Amino acid sequence: MLVLFETPAGYAIFKLLDESKLSEINDLYQEFNTPEGASAVVKLKNFIKFEDTTEALAATTAAIEGKISKPLKKALKKYVSKDIQDQLLVGDAKLGSAIKEKFDLQCVANSNVQELLRCIRSQMDSLLAGLPKKEMTAMALGLAHSLSRYKLKFSPDKIDTMIVQAQCLLDDLDKELNNYIMRCREWYGWHFPELGKIITDNTLFVKIVKLIGTRDNASKTDLSDILPEDLEEKVKEAAEISMGTEISDDDILNIQNLCDEIISITDYRTHLTDYLKARMMAMAPNLTVLIGEHIGARLIAHAGSLMNLAKQPASTVQIFGAEKALFRALKTKKDTPKYGLIYHAQLVGQCSTKNKGKMSRMLAAKAALATRMDAFGEDVSFELGAGHKVKLENKLRLLEEGNLRRISGTGKAKAKFEKYHSKSEVFQYPVAADSTLERKKPLKREHSPEPETSTKMIKLEDGANDVSPKKTKKEKIKEEPTEEPAEPTSEKKKKKKKKSLDASQADTTVENDEVDGPTPKSEKKKKKKKSIVEE
C-alpha cells in the first residue's frame with residue numbers, strides 16, 4: 001500500500017510497511033514520536049522534486065482544482081504503475097478520483113489517511129533525509145507568495161471592482177452627455193430654433209448640426225443617410241423660413257467641435273455598455289438575466305462586492321438605494337418604502353401602480369437566490385435566473401388579469417382588479433328623434449277608488465264592550481285636545497290599560513269558542529250583519 005505525500009519541494013511516495021497501523025489510528029501518533037518509530041511504519045520509496053517555483057505553483061493550483069499535474073503524471077507512471085498495488089492513499093478525494101479515472105488505481109481518502117499524513121508531516125525532516133531544511137523552508141515561502149499572488153490576480157473581488165468602476169463611469173457619462181446635448185441645443189437654437197422641434201432624437205440632432213453647419217447649407221446638404229424623406233423635406237423647408245439670428249463661421253466651427261465630442265462620447269458609451277454586459281454575464285449570469293446588467297451592477301456597487309450582496313437578505317436587497325427614505329419613515333412613524341434600485345427593473349416597470357410593491361418583493365427574493373448561486377456555486381450557468389424570470393412573468397400576468405391565486409404563502413385570496421384600458425364603443429344616432437311633429441300627451445290612467453276598509457267588530461259574550469276600529473295618526477292628532485299639554489303621561493297610561501283590557505277580552509272569547517264548539521259559517525255571517533246594522 002503506497003502513500004502519496006505532497007510537499008512544497010515536490011511529491012513523495014511512501015510505502016506503508018504495516019497496514020494494520022491504519023486501522024489503529026488513535027495510537028498512531030505514538031509511533032511517530034521518534035524518527036526511528038516513524039521509519040518503522042513508513043518508508044520513502046521515491047521523491048520527485050520540482051525544478052522551480054513556477055512548476056510548484058502549477059502543481060499546487062492543479063491539486064486545488066482536483067487535477068493531475070505533469071510531474072505527478074510522470075511519477076505515477078514510473079513508480080506506481082510498475083508495481084501493481086491494491087490501493088493508493090491520497091489526502092484529497094478529488095485528486096483521488098482523477099487518478100482513478102486516469103490510471104485505474106483504487107485510491108483511498110478518509111479520516112484515517114488524513115491522520116497518517118499528519119503524522120508523516122510531523123517527522124518530514126527525518127523521513128526526507130536528502131532534502132535540507134533550509135531549502136524546504138525557502139521553497140515553502142516562495143510557493144506561499146506565488147500562490148497568494150495568483151489568487152489575488154484572479155480573485156472575484158478584483159472583477160467586482162471592474163464592474164463597479166464601469167457602472168460608475170457609465171453614470172458619469174450619462175450626466176456629461178445630457179449637459180453637452182442641452183448646451184448644443186441651446187447654442188444652435190439661436191441660429192436655427194425650428195430644428196430642435198422637428199428632430200427630437202439627440203444623436204440625430206447632433207449629426208445634422210455637424211453636417212449642415214449654418215442653415216443656409218441645408219438645401220445643398222444630402223441628409224438621406226440619416227433622415228427619412230419626409231423629415232428631410234421638413235428640415236429644408238424650415239431652414240428657408242427660419243427666424244433665427246445669423247452667426248459667424250467661427251461660431252459654427254466651435255458648435256461642430258462640440259458635436260464631435262458628443263458623438264465620440266456616445267460611441268464610447270455603447271462600447272462601455274457592451275463591456276459591462278460581458279463582465280456581468282461572466283461574473284453573475286443569473287442576476288444579469290433576472291434583473292438586467294445595469295441594475296445588477298448598481299446593486300453590486302451599492303453592496304461593495306458580489307460576496308457582500310450574496311450575504312444580504314431579500315428584504316435588504318428590495319430597499320437598496322432607499323436608505324434615506326427608510327430611516328425618515330422610521331423616524332416620522334410613516335410607511336416604509338417598498339423598493340429602491342430594484343424599481344428600475346423591467347418586471348417592476350411593467351406592473352401597474354397597485355402591484356409594484358408585490359412584484360418588487362418577489363423579484364428581490366429571486367434576485368437574492370440568484371446572487372448566492374452566482375457567488376458560491378460552481379460551474380454557474382444562467383438557467384436558474386431564466387427559470388425564475390419565467391415564473392415571475394407568469395405571476396405578473398395573473399396579477400394584472402386579476403386572478404390572484406396563491407402568490408405567496410398558503411393564503412387563498414381572490415381579488416378582482418379593474419383593468420386600466422379604454423374600451424372602444426360606437427353609438428349610433430337615433431334618426432327617429434329628428435321628427436318635428438308634436439307629440440300627444442299620454443293619457444293618465446284613472447285609478448279606481450280605494451275600497452273602504454271594512455271594520456271588523458268582535459262581539460264579545462257576557463256583556464263585553466265592542467272594540468272600536470283603529471284610527472289613523474292624523475285623526476288621533478285632530479282628536480287630541482291642544483289645551484292639555486301638561487298631562488301626556490296620564491293619557492299614555494290610559495292607552496296601555498285599554499290595550500291590556502282588549503287583549504284579556506279577546507282571550508275570553510277564544511276560550512268560549514273552544515267550549516261551545518265550532519260555529520257554522522251562516523251564524524258568523526248573521527253576526528256580521530247585526531254588527532253593521534247596529535252601527
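The values are calculated or read from the model by the stated rules, or taken from the named source; none is laboratory data. Given the structure is predicted, the values throughout are model-derived calculations rather than measurements. With ideal geometry, Cβ positions are generated from the backbone for all residues, glycine too; neighbour counts draw on all protein chains shown. These area figures cover heavy atoms from the full protein model, side chains too; ligands, DNA and RNA do not enter into them. Shrake-Rupley method; radii C 1.70, N 1.55, O 1.52, S 1.80 Å.
General remarks:
- Computed 3J(HN,Hα) for the stretch 243-249, one whole-Hz value per residue from the Karplus formula 6.51 cos²θ - 1.76 cosθ + 1.60 where θ = phi - 60°, is 9, x, 7, 7, 10, 7, 5, glycine and proline marked x.
- Sequence-ordered 3J(HN,Hα) estimates for the stretch 349-366 from the Karplus curve with 6.51, -1.76 and 1.60 and θ = phi - 60° stand at x, 6, 7, 6, 4, 5, 9, 5, x, 5, 5, 5, 5, 5, 5, 5, 5, 5 Hz, glycine and proline given as x.
- Interchain or long-range residues, amide H under 5 Å from Asn46's placed H: Ile13
- Based on the Kirkwood approach, the hydrodynamic radius assigned to the stretch 1-90 is 14.3 Å, with every pair of different Cα atoms included.
- Net charge of the neighbourhood of Ala239, taken over other residues with C-beta under 9 Å away and scored Lys/Arg +1, Asp/Glu -1, is -2.
- Cut-off 17 Å (backbone N to label point 7 Å along Cα→Cβ of Gln87), residues of the stretch 1-37: 1-5, 14-28
- The H on the amide N of Cys107, modeled in the peptide plane, is under 5 Å from the matching H of Leu88, each at least 5 residues off or on a different chain.
- Shape call, the stretch 258-387: gyration tensor on alpha carbons, a/c limit 1.5: oblate
- FRET efficiency, 1/(1 + (r/R0)^6) with R0 25 Å, evaluated for Ser148 and Glu65 via beta carbons: 0.90
- Listed pairs Lys15/Lys94; Lys207/Lys234; Lys210/Lys234; Lys45/Lys77; Lys311/Lys331 exceeding 20 Å between Cα atoms: Lys15/Lys94; Lys311/Lys331
- Between the alpha-carbon centres of the stretch 323-381 and the stretch 29-74 there is a gap of 51 Å.
- Label-reachable residues, the stretch 104-131, where backbone N falls under 15 Å from a point 7 Å from Lys45's Cα toward its Cβ: 104-108
- Placing dummy labels 7 Å off each Cα toward the beta-carbon, the span from Gln114 to Phe327 is 4.5 nm.
- Counting only protein heavy atoms and a probe of 1.4 Å, the accessible surface of the stretch 192-232 is 46% carbon and sulfur.
- Coupling constants for the stretch 172-178 follow from the phi torsions by the Karplus curve (6.51 cos²θ - 1.76 cosθ + 1.60, θ = phi - 60°), and in residue order they are 5, 5, 4, 5, 5, 4, 4 Hz; glycine and proline get x.
- Amide H to amide H, with H built 1.01 Å from N, Ala9 comes under 5 Å of no residue 5 or more places away or on another chain.
- Neighbourhood net charge (15 Å Cβ-Cβ; Lys/Arg +1, Asp/Glu -1) for Leu211: -1
- The stretch 330-410: C-alpha gyration tensor shape, a/c 1.5 cut-off, then a/b vs b/c: oblate
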